[in-house]
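A.B. asks: Shown below is the structure under consideration.
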Amino acid sequence: MTTRVDGGLSVALVCTALSGAVIGSVGAPLITPVATGMHVSLDAAQWTLTVTLFSGAIAGPVLGRLGGGPYRRVTILATLALVMVGGLLTVLPLPFAALLIGRALQGLAVAAGALLMSVARAHLPAERSVSTIAAISVASTVGIGVGYPLISLLDQLAGLRAAYGLGFLLSAVALAIAWRILPVEEPGELPRIDVPGALLLALGTLGVLLVIAAPSIWANAWLAGGLLAGSAAVLAVWAFLELRTKAPLVDLRLLGQGPILRANLAILVAGAGLYLLFSLFTRYVQTPGDARYGFALPGVAAGAALIPFSLLGFAAGKAVPRLSARITERWTYTLSVVVAMAGALLFAVGNESLFLVLAAIAVLGFAVGGVFAVMPKLVLVGVPREETASVLSINQIARSMGMSVGSALAGFLLAATTPDGALLPTRNGYLTTALWALPLLAVSALIVAGTPRRAAS
């Protein structure tokens with residue numbers, strides 16, 4: 001009976017995380033339809049994707065602290081209810097501002113992943129806990145392949161609001177599953193929230209992400225530099241106060257421990273390299289035919305090209321816990337990064353063949369799944385169970401920042417290789433940009449490979 005209950009909880013947690021991942025990615029295929037259907041610029045429509053990244057990263061530490069103990073179930077249910085409200089705002093025929101608010105609320109689904117991992121760590125046996133946490137961590141990889149083609153197809157067949165309706169439906173399903181299956185926690189005191197710390201962390205994180213994710217800000221170098229410097233100053237003040245408060249939002253002394261610090265630094269750098277490649281590959285296959293390269297895949301076909309990415313990412317998520325038990329977590333991570341580098345090289349030599357480019361996308365999916373699956377084990381070394389959600393939420397911020405850097409870097413490098421007066425970069429621009437991922441990935445692997453071997457708790 002216990003095995004059945006454990007299995008049911010494991011499946012429910014993974015399904016809830018997968019729903020959240022699809023909800024978070026809903027905006028990506030709909031940027032152009034939002035611009036044309038709601039008569040806003042492409043830059044404005046881009047915020048329907050960017051705002052989910054912001055809200056997920058900023059809300060993560062607060063949710064992690066609230067969900068670290070007796071109020072974990074309540075916190076998860078309340079979060080999913082807000083996600084559902086956000087989904088409703090995206091479906092109703094309301095102005096663009098309401099759509100942005102809805103997408104911001106849907107970003108909380110991404111932040112809920114750390115809470116789901118903390119449930120697995122607290123309520124599942126050790127072996128099942130490891131595999132479940134790995135599966136939750138790679139849910140974002142699987143969600144991309146599930147969401148992109150389906151959302152694009154819904155938009156083509158039934159329109160923009162119907163496509164957003166998928167996110168609303170999934171949020172309702174996720175809330176129902178969580179209500180039914182999440183265990184009730186032992187009673188205890190309500191966690192104290194460091195409100196000044198939360199506000200400072202949110203402000204500093206928002207500033208950094210804004211500078212990274214909105215390249216148009218750099219049109220005014222003084223504005224961008226000032227915003228970046230101001231954000232750094234705010235985060236420095238936040239760190240100073242966190243080290244002196246009795247109930248910090250995040251235990252910086254814990255995060256400063258060698259293995260945890262290196263894991264967060266590694267995912268920051270790896271996220272940049274991995275998302276650079278992801279942005280590059282997805283853009284390349286959609287390049288119009290008059291560019292004399294690329295494959296001019298329409299939206300649905302381009303989304304379908306990501307299905308192998310998700311399938312191999314899922315396979316990596318299943319294989320990594322067993323592999324890390326044999327060769328340790330740090331070498332499993334290093335191997336996953338090497339696979340990503342192989343994907344970049346495969347694209348560089350085989351970009352004239354659709355089959356080889358799709359193979360490179362699939363190889364990248366396996367690498368992303370491997371990196372995300374093993375990362376929780378690396379970052380939870382020596383972390384008390386009650387701090388699981390808080391520590392993982394900071395790791396999520398590092399991942400989000402890295403991915404934002406990768407996306408922005410891909411756009412910058414491709415723009416730099418676009419001839420004056422042309423709309424598209426050259427083929428060599430894509431090749432050069434792909435190779436830029438190699439040093440980032442290599443540095444990430446070196447950071448983790450140098451970590452002394454310790455067993456994660």
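The values are calculated or read from the model by the stated rules, or taken from the named source; none is laboratory data. Since this is a predicted model, take the numbers as computed values, not measurements. All Cβ positions, glycine included, derive from the backbone under ideal geometry; neighbour counts span all protein chains shown. These accessible areas exclude ligands, DNA and RNA; they are computed on the full protein's heavy atoms, side chains included. Shrake-Rupley method; radii C 1.70, N 1.55, O 1.52, S 1.80 Å.
A.B. asks: Going toward the positive end of the dipole of the chain, with +1 on Lys and Arg Cβ and -1 on Asp and Glu Cβ, which of Leu166, Ser444, Val349 do you reach last?
C.D. replies: Positive-end residue among those listed: Ser444.
A.B. asks: Hey, if we sort Lys318, Lys377 by accessible area with the 1.4 Å probe, largest down, what's the order? Present the calculation step by step, with values, prior to reporting the outcome.
C.D. replies: Values: Lys318 115, Lys377 55 Å².
The residues order as Lys318, Lys377, largest area first.
A.B. asks: Let me ask something else about it. With axes computed from alpha carbons, what is the tilt in degrees of helix 160-181 against the longest principal axis of the chain, rounded to the nearest 10 within 0 to 90?
C.D. replies: In the chain, helix 160-181 runs at an angle near 20 degrees to the longest axis.
A.B. asks: Let me have the 222 nm mean residue ellipticity of the chain computed from DSSP H runs of 4+ only, each contributing -39500 (n - 2.57), with the sum over all residues rounded to the nearest 500. Show your work: numbers first, answer last.
C.D. replies: Working: 19 runs with 358 residues, N = 457.
It comes out at -26500 deg cm²/dmol, rounded to the nearest 500.
A.B. asks: Let me ask another. To test your reading of the geometry: what angle, between 0 and 90 degrees and rounded to tens, separates the Cα axis of helix 42-66 from the longest principal axis of the chain?
C.D. replies: With both axes taken from Cα atoms, the answer is about 10 degrees.
A.B. asks: Express the relative contact order of the chain as a whole percentage, based on alpha carbon pairs under 8 Å and six or more residues apart in sequence. Walk me through the numbers before you get to the answer.
C.D. replies: Working: 817 pairs, mean separation 101.4, N = 457.
Reported as a whole number, the value is 22 percent.
A.B. asks: Another question, if that's okay. Which cross-chain or sequence-distant (5 or more) residues have an amide H under 5 Å from the amide H of Asp194, H modelled 1.01 Å from N in plane?
C.D. replies: Residues meeting the criterion, in which the H sits 1.01 Å from N, are Leu249.
A.B. asks: Please state the charge dipole magnitude for the chain, taken about the Cα centre, from unit charges on C-beta atoms (+1 on K and R, -1 on D and E), reported in debye and rounded to the nearest 20.
C.D. replies: It comes to approximately 840 debye.
A.B. asks: Report P(r) for segment 315-417: all Cα-Cα distances, bin width 5 Å, range 0 to the bin holding the largest distance, values in whole percent.
C.D. replies: Over segment 315-417, the share of Cα pairs per 5 Å bin runs 2, 12, 16, 18, 21, 14, 9, 5, 2, 1, 0 percent.
A.B. asks: Another one. Which one of Met117, Ser41, Pro29 has its Cα pushed farthest toward the positive end of the charge dipole of the chain, where Lys and Arg give +1 and Asp and Glu give -1 at the Cβ?
C.D. replies: Sorting the options by dipole projection puts first Met117.
A.B. asks: Specify the inter-centroid distance of segment 336-361 and segment 121-161, based on alpha-carbon positions, in whole Å.
C.D. replies: So the separation of the two Cα centres works out to 24 Å.
A.B. asks: If you place +1 on the Cβ of every Lys and Arg and -1 on the Cβ of every Asp and Glu, how big does the dipole about the Cα centre of segment 323-450 come out, in debye to the nearest 20? Kindly include the intermediate steps, with their values, before the conclusion.
C.D. replies: Working: 6 positive and 5 negative charges, 53 e Å.
Once rounded to the nearest 20, the dipole reads 260 debye.
A.B. asks: Here's a follow-up. Counting pairs of alpha carbon atoms under 8 Å apart in space and at least six apart in sequence, what relative contact order in percent does segment 174-299 give? Please report the intermediate quantities before stating the final value.
C.D. replies: Working: 80 pairs, mean separation 21.9, N = 126.
Answer for segment 174-299 is 17 percent.
A.B. asks: Still on this structure: For the chain, what does the equivalent ellipsoid look like in terms of its semi-axes, each the square root of 5 times an eigenvalue of the Cα gyration tensor, given largest first in whole Å? Intermediate values should be presented prior to the final figure.
C.D. replies: Working: eigenvalues 204, 124, 110 Å².
Semi-axis lengths for the chain are 32, 25, 23 Å.
A.B. asks: Report, in degrees rounded to the nearest 10, the 0 to 90 angle that the Cα long axis of helix 354-379 makes with the longest principal axis of the chain.
C.D. replies: Approximately 20 degrees, to the nearest 10.
A.B. asks: Rounded to whole Å, give me the distance from the Cα center of segment 216-262 to that of segment 31-64.
C.D. replies: 23 Å
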